[in-house]
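Below is one structure; the comments refer to it alone.
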Amino acid sequence: MIRHFNYLTILIACFSIATLSMSTMNSAYAQETTDSGKIQGKINDIIDVTGYTYVEVNTGSEKVWVAGPTTALKKGDTVAFSNAMPMQDFYSESLQRNFSLIYFIRRFITDTGEIVPVGKPSADAKVGQVRQSLKGIEPLEGGKSISQIHAEKDTLNGKTVRVRGKVTRFAAEIMGKNWLHIQDSSGLDDLTVTTDNIVAIGDIVIIEGKLELDKDYDYGYVYPIILQNAKVTKE
């Protein structure tokens, strides 16, 4: 049984490290956490799946598993992470494996204090790149465009919405759901969606889900607008 707790959403960047500077790491974590503590150690094992890097960390007294953003790490690297989000009896569908205890995090701390940024851009995007409008992704007949959804969000709050879009980001098995972002040709706005369905970056999809405003997942993760538990169909 999975015990209830608050979760984080998460995802990407690349760092390699050799030894961990405590002063640098503590400085970085001063910005990352206040009430929670941290765990640090050397990486003993690594498993990469879509949207996630699972890492077994040897703290010197025990070995613990942590799942964080897709990150270029290697065995022997030393990392630190927040212990604020433990999850007991977690079963990973993608790995077909049960973890008696695993920590879900939104970033790793390295020896230089650099923090993996949240959010996984599309394959051809660069971090910090300005979002560009898309061409050829027209509104669904009887549905809404993404710009219409943003403009009419107060009226649509709590209602089922249908929309067509292109998948620009995707992450599997976060908080027991799959997460994606879509864009269309109506403007620069995107839309966050949670679903049980699997898609890939670049897919054109039709989405039907319940619109919610100011969805708060704690730890600073508030989504002003989101489609929850959506049915996603590839075109």
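The values are calculated or read from the model by the stated rules, or taken from the named source; none is laboratory data. Since we're looking at a predicted model, the values are computed, not measured. Here Cβ is always computed from backbone atoms with ideal geometry, including for glycine, and neighbour counts include all displayed protein chains.
Looking across region 137-157, the residues that are in contact (Cβ under 8 Å) with a residue 24 or more places away in the chain and among the β-branched types (V, I, T) come down to I137, I146, I149.
Filtering region 66-87 to residues that are in a strand (DSSP E or B) and surrounded by fewer than 21 Cβ atoms within 10 Å (Cβ to Cβ) leaves A72, T78, P86, M87. The residue of region 157-180 that is modelled with the lowest pLDDT, among those that are of a type in the set (A, V, I, L, M, F, W, C) and farther than 13 Å from L140 by Cβ, is M175. Tell me whether region 205-215 contains one or more residues that are part of a strand (DSSP E or B), among the small types (G, A, S) and over 15 Å from A151 (Cα atoms). There is at least one residue in region 205-215 that is part of a strand (DSSP E or B), among the small types (G, A, S) and over 15 Å from A151 (Cα atoms). A search for C-beta distances below 6 Å between a residue of region 86-110 that is assigned by TED's automatic domain parsing to the domain that holds I43 and any residue that is surrounded by fewer than 14 Cβ atoms within 10 Å (Cβ to Cβ) and of a type in the set (K, R), counting only pairs 6+ apart in sequence or on different chains, returns Q88/R3.
Of the residues making up region 186-219, those that are surrounded by fewer than 19 Cβ atoms within 10 Å (Cβ to Cβ), in contact with a strand residue (DSSP E or B) (Cβ under 9 Å, 6 or more places away or on another chain) and of a type in the set (A, V, I, L, M) are I198, A200, I201, I204, I206, L213.
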